[in-house]
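*Asks:* Attaching a single structure in C-alpha cells format; questions to follow.
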Amino acid sequence: MKQNYERKQAIALQYQSDKQKAPTVIAKGKGLIADQIIDTAKEKQIPIQEDRNLVELLGQLNINESIPEELYEAVAEVFAFIYRLDREKKESN
C-alpha cells in the first residue's frame, strides 16, 4: 500500500515598506528545514499563516528573490492577517 506523504514546507517572507517594493523570500525549506523555520518563527513570536497553495507557489522562488506581481494579492492577504494579529495583541496588553 503506497502512502501519499507530502513533506511539510515552509517559506519565510520579509517586507520593509520603506526599503522594498515587494516582500522577499528570506528562508524556505521542506521537512526538517521547514520545522526549523516554523520553530524560529514561534520563538520570535512571528505570526504563522498556513496556506499550502501559496507555499507551493512561493517555493518556486529563490532565497532573496522578491515575489512576482502575480502573487501580490495573495501575499497582501497574509500580511493583512499578520497586521490584524499584531494589532489585536497590542490592544489586549
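Throughout, read-outs are computed from the coordinates displayed, never taken from laboratory work. No experiment lies behind these values; they were computed from the predicted model shown. No Cβ is skipped: glycine too gets one built from the backbone with ideal geometry, and neighbour counts run over all protein chains shown.
*Asks:* Just want the ordering: D39, D18, D51, from fewest to most Cβ atoms lying within 10 Å of their own Cβ.
*Replies:* Numbers: D39 11, D18 4, D51 15.
Ascending Cβ contact count within 10 Å gives the list D18, D39, D51.
*Asks:* Helix 32-43 versus the longest principal axis of the chain: what is the Cα-based angle in degrees, 0 to 90, to the nearest 10?
*Replies:* Once rounded, the angle reads 20 degrees.
*Asks:* How about K30: which lysines have a C-alpha closer than 22 Å to its C-alpha, ignoring those fewer than 8 places off in the same chain?
*Replies:* Here the lysines satisfying the reach criterion relative to K30 are K2, K8, K42, K44.
*Asks:* Between the helical axis of 72-92 and the dominant principal axis of the chain, each derived from Cα atoms, what acute angle in degrees is found, rounded to the nearest 10?
*Replies:* Once rounded, one gets 60 degrees.
*Asks:* Still on this structure, I have one more. Assuming R0 = 30 Å, what is the FRET efficiency of E50 and K19, from their Cβ-Cβ distance, to the nearest 0.05?
*Replies:* Plugging the Cβ-Cβ distance into 1/(1 + (r/R0)^6) gives 0.65.
*Asks:* Let me ask you something else. At a 10 angstrom cut-off on C-beta neighbours, averaged per residue, how do the peptides 72-80, 21-29 rank from highest to lowest? Walk me through the numbers on the way to the answer.
*Replies:* Values: 72-80: 13.8, 21-29: 16.8.
Order by mean packing, descending: 21-29, 72-80.
*Asks:* For D35 and I63 in the same chain, what is the full-extension length gain: residue separation times 0.36 nm, less their Cα-Cα distance, in nm?
*Replies:* On the way: separation 28, 0.36 × 28 = 10.08 nm, distance 1.72 nm.
Full extension from D35 to I63 adds 8.4 nm.
*Asks:* For the chain, what does the relative contact order come out to in percent, with C-alpha contacts under 8 Å and a separation of six or more?
*Replies:* Working: 87 pairs, mean separation 24.9, N = 93.
In percent, rounded to a whole number, it is 27.
*Asks:* In addition: Give, rounded to the nearest 20 debye, the magnitude of the charge dipole that the range 9-92 has about its Cα centre when Lys and Arg contribute +1 at Cβ and Asp and Glu contribute -1 at Cβ.
*Replies:* Taking the Cα centre of the range 9-92 as origin, the dipole is about 260 debye.
*Asks:* For Cα extents along the principal axes in Å, several values are listed as (i) 42, 35, 24; (ii) 40, 27, 21; (iii) 51, 32, 19; flag the one computed from this structure.
*Replies:* Read-out taken from this structure: (iii).
*Asks:* At R0 = 41 Å, how high is the FRET efficiency between E70 and N93 if r is their beta carbon distance? Nearest 0.05 is fine. Intermediate values should be presented prior to the final figure.
*Replies:* Details: r = 37 Å, r/R0 = 0.91.
It comes to 0.65.
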